[in-house]
Structure formats: C-alpha cells, structure tokens
Amino acid sequence: MNVRFRPLGHWPHADTRPRRSRWTFTASWSDTLRLLERELDHLDAGNIVIQADFAEDDIRLDGFPRASARQPSHPGIVVSFESGYGPLQYATDAHEFWQHNLRGIALGLQALRAVDRYGITRSGEQYKGWNALPMSTGGPTTVEQAATIIASYSPAHPEDVIRDDVIRRSAIREALRQSHPDHGGNSSAFDLVQRARRILEAS
C-alpha cells in the first residue's frame, strides 16, 4: 500500500471522552492494513497520508512507524487521500489505541461503500461530507486551502503556515520534497503543492 505516516502535530478536534475499551477490536495489525488497503483501492485512493501522534524519528524511510516507536500519547488518527470523489479526510480518537482508531476508519470506509452496493446512492453522495478541501478542479483558490495542502505534509497547523513566515517556508520545502515523484510522490500531488505554494507566496 502506497501510504506514509506523518506526525499529527496536535489533535484538530475535541477529545472523545470516555473512549471505547482497549478490547473493542481483536483483529491483528496486518488484518487492519489489508482491510484499509482494500477499501482505499475501491476508492482509487492516491497520495495517502496517515497522521498519528508520532515524532519524525518514529517513522521509517518507507513511511511506516518503526517497531521501536513509542506508543503515541494521543490515539487520534487522521487519514487523508485523493479519490475519484475529490480529496477526502477521516479522523477519529474514539478508541484507546491508535491502531484501533485506524481500524475504525477502515471499517467506516467499508460501511460507506456498502451504501453504494445496496443501491441507495448513485454518485458517491455519502462521501461528500468528508471532502477535505472545498476546492475547484483547478486546485486551491484561497490561502486557507493552500495552507491546508501544505500543512498536510508537515506537523504544522494550517493557521501557522499562514501566519508564520519561517514555518511556511519550512512546510513548503517539506511538501515539495515529499510530493515530488522522485521521493515517493506523484505528478498530480506535486502540481497541487506547487499551486498551493504560489498562492501562499503571493499572499
């Protein structure tokens, strides 16, 4: 699966309290990855990023957490990717462990796909509530959209990318590096980052 983990930075939503039991799921990590891969394949997902409460040093060069990585202090997971329905993003911290939250997202994607399977929708309406960026097909059109794209490649928050010149320059460099086809990205992601960079530099 062509996916990379990135540090979460901070949890962007209200904390779920109380969280579900650590015994909610008994599936193995490999089963969770297989389920997630299958559901993302059904969505023709690309540029897949999983944000978790890891440090940069906890993530291997191939984009996955090291076996020796510390257990994140916050279990929240954010999964973002491009799809045939536009950029989508799913997040949850409903479970005690980050692995369980990732499985929850995979199961949620499976449930959303069932809506199509049973003929309730015809054009993926069930995904529209999770559009990550309300942008036109030409790419980002506002500073906020551009900052969200750039921040998705770094621990920075979009507001910091807008306000802080140093953070913005660093985040742009990292986004350009990660999205470049020579570093595991692809041409469409690199083009999107370039468009976002131009908007931010002109602001």
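With a Förster radius of 35 Å, plug the Cβ-Cβ distance of Ala69 and Ser188 into 1/(1 + (r/R0)^6) and report the FRET value to the nearest 0.05. Mind showing how you got there, number by number?
Details: r = 30 Å, r/R0 = 0.86.
Using R0 = 35 Å, I get an efficiency of 0.70.
Using each residue's phi in the range 49-64, evaluate 6.51 cos²θ - 1.76 cosθ + 1.60 at θ = phi - 60° and report the 3J(HN,Hα) Karplus result to the nearest Hz, with x for Gly and Pro.
10, 10, 9, 9, 7, 9, 8, 3, 5, 7, 10, 6, 5, 7, x, 9
Multiply the residue gap between Trp23 and Leu107 by 0.36 nm, knock off their C-alpha separation, and tell me the result in nm, one decimal place.
Details: separation 84, 0.36 × 84 = 30.24 nm, distance 1.61 nm.
Full extension from Trp23 to Leu107 adds 28.6 nm.
Given a cut-off of under 8 Å on Cα pairs at least six residues apart, what relative contact order in percent is computed for the chain?
19 percent
Which whole number of Å³ per residue matches the convex hull of the alpha-carbon atoms in the range 143-202? Write down the numbers at each step before the final one.
Working: hull volume 3.7 nm³, N = 60.
That works out to 61 Å³ per residue.
Specify the residue with the greatest mean-square fluctuation among His13, His74, His42, computed from a Gaussian network of the chain linking alpha-carbon atoms under 10 Å apart.
His13
Hey, got the dipole for the chain? About the Cα centre, +1 on K and R Cβ, -1 on D and E Cβ, debye to the nearest 20? Walk me through the intermediate numbers first.
Details: 24 positive and 25 negative charges, 57 e Å.
The calculated dipole for the chain is roughly 280 debye.
At 18 angstrom or more along the helix axis (alpha-carbon based) and mean Kyte-Doolittle of -0.5 or higher, what helices does the chain contain? Whole DSSP H runs only. List each step's numbers first, then the result.
Details: long enough: 29-42 (20 Å, -0.96); 98-117 (29 Å, -0.16); 165-179 (21 Å, -0.63); 187-202 (23 Å, -0.07).
Within the chain the helices that satisfy the rule are 98-117, 187-202.
In whole Hz and in residue order, list the ³J(HN,Hα) couplings for the range 77-87 that follow from phi through the Karplus curve 6.51 cos²θ - 1.76 cosθ + 1.60, θ = phi - 60°; x for Gly and Pro.
Rounded to whole hertz, the list is 10, 10, 10, 10, 6, 8, 8, x, 9, x, x.
Can you compute the label reach from Thr16? Point 7 Å from Cα along the Cβ direction, backbone N cut-off under 17 Å, restricted to the range 85-102.
Taking a point 7 Å out along Cα→Cβ of Thr16, the residues of the range 85-102 whose backbone N falls under 17 Å are 89-102.
As I understand it, the dipole of the range 143-202 uses +1 on the Cβ of Lys and Arg and -1 on the Cβ of Asp and Glu, about the Cα centre. Which of Ile167, Ser154, Pro181 lies farthest toward its positive end?
Selected residue: Pro181.
Where both partners of a DSSP beta bridge lie in the chain, what percent of those bridges are antiparallel, to the nearest 5? Let's see the in-between values first.
On the way: 12 of 18 bridges.
In the chain, approximately 65 percent of DSSP beta bridges are antiparallel ones.
Taking R0 as 45 Å, what FRET efficiency do you get between Glu159 and Tyr118 from their Cβ-Cβ distance, rounded to the nearest 0.05?
Working: r = 40 Å, r/R0 = 0.90.
After rounding, the FRET efficiency stands at 0.65.
Using Cα springs under 10 Å in a Gaussian network model of the chain, which residue among Val161, Val143, Val115 shows the largest mean-square fluctuation?
The residue with the greatest mean-square fluctuation here is Val115.
Separation between the Glu37 and Ser203 pseudo-spin-labels, each 7 Å from Cα along Cα→Cβ, expressed in nm?
In this crude spin-label approximation the distance works out to 3.7 nm.
If I build a Gaussian network model for the chain, linking alpha-carbon pairs within less than 10 angstrom, which residue out of Ala94, Ala151, Ala14 has the largest mean-square fluctuation?
Ala14
Bear in mind these aren't lab numbers, they're just calculated from the coordinates by the rules spelled out. Being a predicted model, the structure only gives us computed values, none of them experimental. Ideal geometry is used to build each Cβ from the backbone, glycine not excepted, and the neighbour counts take in all protein chains shown.
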